[in-house]
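*Asks:* Once you've had a glance at the structure underneath, I'll fire off some questions.
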Amino acid sequence: MKTRLRVLRAEKEWSQADLASAVGVTRQCINAIETGKYEPGLDLAFKIARTFGKNIEEVFLYEDGQIASERR
Amino acid sequence: MTTQSNPPSPEIRRRNTLRLFYLFVVGAIVIFTLAADAHPATQQRVLMAAGIVLAAAGIWSFLRFLQAADTHQKLINYDATSFAFAGSLALTLIFGLLQRLGFLLGASLLLPALMIALWSIGLILFSWRYQE
């Protein structure tokens, strides 16, 4: 699974710790998601997407697909 | 976006409960060791009771630690627990064999401590997997 988390975070100028605090996880968790070492569960994925005001498909991409926003 | 200072972050909450867990466990081990050598029976009973209270507090803080964990930490903890379980199983078999041969007769008391040590090693090992 690919993620646009790092890009979206950079756009908002949020640190990993800021995002972690907003969604109630550790900074290590956000880092693991960004580096592809950990795939979040649906609950966390939705929380992250909503924190950015996006749909889940705009933040996370299943490996053989394309990110929704890039398709438009 | 500003980082909230209150309540404490999940990372800090998790660390605090883990510290509390180790504190209670070390306390329980010390008290149980003292109780084993205590002479008047009443003193031994008091120490044993104190040890049981500390051990129960250790279990309580362990459960708090699990509750404070997010899904990523739960995954690390799952790996660490599996590691500790497999290690404890192997050590139990080795200790059992050695005891049948007349060695390490008091070693059964070490097993809970070994399980916790293995679990701690597992936490460190499986956390490293996610380091930058």
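The values are calculated or read from the model by the stated rules, or taken from the named source; none is laboratory data. Not measured: the values here are computed from a predicted model. We place every Cβ from the backbone using ideal geometry, glycine too, and count neighbours over all the protein chains shown.
*Asks:* If you check B:Arg64 against the conditions, is it touching a residue at least 40 places away in the same chain (Cβ under 8 Å), of a type in the set (D, E, K, R) and assigned to a helix (DSSP H, G or I)? Show your work before the answer.
*Replies:* On the way: touching a residue at least 40 places away in the same chain (Cβ under 8 Å): yes; of a type in the set (D, E, K, R): yes; assigned to a helix (DSSP H, G or I): yes.
Answer is yes for this residue.
*Asks:* Identify, by number, the condition in (1) at pLDDT 90 or above; (2) over 30 Å from A:Leu19 (Cα atoms); (3) not basic (Lys, Arg) that B:Ser61 doesn't meet.
*Replies:* (2)
*Asks:* Still on this structure, please answer the following. Test B:Ala86 against the criterion of being hydrophobic (A, V, I, L, M, F, W, C), modelled with pLDDT under 85 and either touching a Phe, Trp or Tyr at 6+ places or on another chain (Cβ under 6 Å) or in a helix (DSSP H, G or I) (or both), and give yes or no.
*Replies:* Details: hydrophobic (A, V, I, L, M, F, W, C): yes; modelled with pLDDT under 85: no; either touching a Phe, Trp or Tyr at 6+ places or on another chain (Cβ under 6 Å) or in a helix (DSSP H, G or I) (or both): yes.
Criteria not met by B:Ala86.
*Asks:* Please go through the stretch B:72-102 and pick out each residue that is over 16 Å from B:Ile116 (Cβ atoms) and of a type in the set (S, T, N, Q).
*Replies:* Selection gives B:Gln73, B:Gln99.
*Asks:* Failed condition for A:Leu42, given (1) within 9 Å of chain B (Cβ to nearest Cβ); (2) within 16 Å of B:Leu75 (Cα to Cα); (3) exposed (fewer than 15 other Cβ atoms within 10 Å of the Cβ), with all others met?
*Replies:* A:Leu42 satisfies all of (1) within 9 Å of chain B (Cβ to nearest Cβ); (2) within 16 Å of B:Leu75 (Cα to Cα); (3) exposed (fewer than 15 other Cβ atoms within 10 Å of the Cβ) except (1).
*Asks:* Just to be sure, is A:Gln66 at pLDDT below 90 and more than 7 Å from every other protein chain (Cβ to nearest Cβ)? Outline the logic, then answer.
*Replies:* Working: at pLDDT below 90: yes; more than 7 Å from every other protein chain (Cβ to nearest Cβ): yes.
Yes: the conditions hold for A:Gln66.
*Asks:* Report whether or not B:Leu18 is more than 14 Å from every other protein chain (Cβ to nearest Cβ), hydrophobic (A, V, I, L, M, F, W, C) and more than 30 Å from A:Glu13 (Cβ to Cβ). So that I can check it myself, show each step before the final result.
*Replies:* Numbers: more than 14 Å from every other protein chain (Cβ to nearest Cβ): no; hydrophobic (A, V, I, L, M, F, W, C): yes; more than 30 Å from A:Glu13 (Cβ to Cβ): yes.
When the stated conditions are applied, B:Leu18 does not pass them.
*Asks:* Determine if the stretch B:23-40 includes at least one residue that is under 30 Å from A:Pro40 (Cβ atoms), in contact (Cβ under 8 Å) with a residue 24 or more places away in the chain and not basic (Lys, Arg).
*Replies:* Taking the stretch B:23-40 and keeping what is under 30 Å from A:Pro40 (Cβ atoms), we get none.
There is no residue in the stretch B:23-40 that is under 30 Å from A:Pro40 (Cβ atoms), in contact (Cβ under 8 Å) with a residue 24 or more places away in the chain and not basic (Lys, Arg).
*Asks:* Another question, then. Just name the residue that is nearest to the other protein chains (Cβ to nearest Cβ) out of those in the stretch B:64-101 that are touching a helix residue (DSSP H, G or I) at 6+ places or on another chain (Cβ under 8 Å) and among the charged types (D, E, K, R).
*Replies:* Among them, the one singled out is B:Asp70.
*Asks:* Another question about this same structure. Determine whether B:Ile121 is surrounded by 12 or more Cβ atoms within 10 Å (Cβ to Cβ), under 30 Å from A:Gly36 (Cα atoms), in contact (Cβ under 8 Å) with a residue 24 or more places away in the chain and in contact with a helix residue (DSSP H, G or I) (Cβ under 7 Å, 6 or more places away or on another chain). Can you show your working first?
*Replies:* On the way: surrounded by 12 or more Cβ atoms within 10 Å (Cβ to Cβ): yes; under 30 Å from A:Gly36 (Cα atoms): yes; in contact (Cβ under 8 Å) with a residue 24 or more places away in the chain: yes; in contact with a helix residue (DSSP H, G or I) (Cβ under 7 Å, 6 or more places away or on another chain): no.
No.
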